[in-house]
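One structure is given below, encoded as structure tokens.
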Amino acid sequence: MKAAIEGLLFVKGSDGLTISEICNVLEANPEEVKNAIKELYQDYQSEERGIQLELLGQHFKLTTKKEHKEYYKKITQEEENSNLSQSALETLAIIAYNEPITRMEIDEIRGINSSYVLRKLMIKNLIQEVGKSDLPGRPKQYGVTNAFLDYFGLGGIDELPKIEIEHQEEEENNLFESKYQEKSTNE
């Protein structure tokens, strides 16, 4: 059960899980879950471990240990200072023009999983969670930040260049009509 709880907490990430949520997923009683969490907590007390189990609010979360924060700062600063990739720019454009937007909607537009790119953009503080969708599962919705506006020298989102979307359906109809127009028999 400890391994399952550890995996669940890893998958949930910064959202964490409550005892009742863990019980529901594992179909276990609260006492069993509490005992497994206590054991897991003890396992993470070892100096050889880089992460720990914490109760923040009502949610259990896996977090990094404070004594290694200098290392974490170095790697996040490297990520913050690196240039934006083509996929990051593409994802930013999708978010900026469609906010609020969910990861699944972004994936649908891009045709590829955007989880990694979204994480990088959040680390760089170019996007943020702006709410929850009404779709099933209430997925997070993303929008751009003030840092995004600063990065691109914009005073507001309304200063983004306008994009004209061609209506392909109309063109196809026009092609159909022009190609297959009925000719009079007098010609």
> Taking a probe of 1.4 Å, how large is the accessible area per residue of the stretch 1-158, in Å²?
Replying inline: 64
>> Checking the table LYS12/LYS162; LYS34/LYS73; LYS61/LYS132; LYS34/LYS120 against a 30 Å threshold on Cα-Cα, which pairs fail?
In response: LYS12/LYS162; LYS34/LYS73; LYS34/LYS120
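Viscosity 0.692 mPa s, temperature 37 °C: what is the translational diffusion coefficient of the stretch 20-122 from Stokes-Einstein with a Kirkwood Rh over Cα pairs, rounded to a whole number of µm²/s? Numbers along the way, then the final one.
Details: Rh = 17.1 Å.
Translational diffusion coefficient: 192 µm²/s.
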> Amide H to amide H, which residues 5 or more places from GLN141 or on other chains are under 5 Å from it, using H placed in the peptide plane?
Replying inline: VAL130, GLY131, LYS132, SER133
>> Using a 1.4 Å probe on the protein heavy atoms, what percent of the accessible area of the stretch 1-87 belongs to carbon and sulfur?
In response: 50
> Summing +1 for each Lys or Arg and -1 for each Asp or Glu, what net charge is found among the other residues whose Cβ lies under 9 Å from the Cβ of LYS2?
Replying inline: -3
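The values are calculated or read from the model by the stated rules, or taken from the named source; none is laboratory data. All figures in this text were calculated on a predicted structure; none of them were measured in a lab. Glycine gets a Cβ as well: all are built from the backbone with ideal geometry, and neighbour counts include every protein chain shown. Note: areas computed on protein heavy atoms with side chains; ligands, DNA, RNA excluded. Shrake-Rupley method; radii C 1.70, N 1.55, O 1.52, S 1.80 Å.
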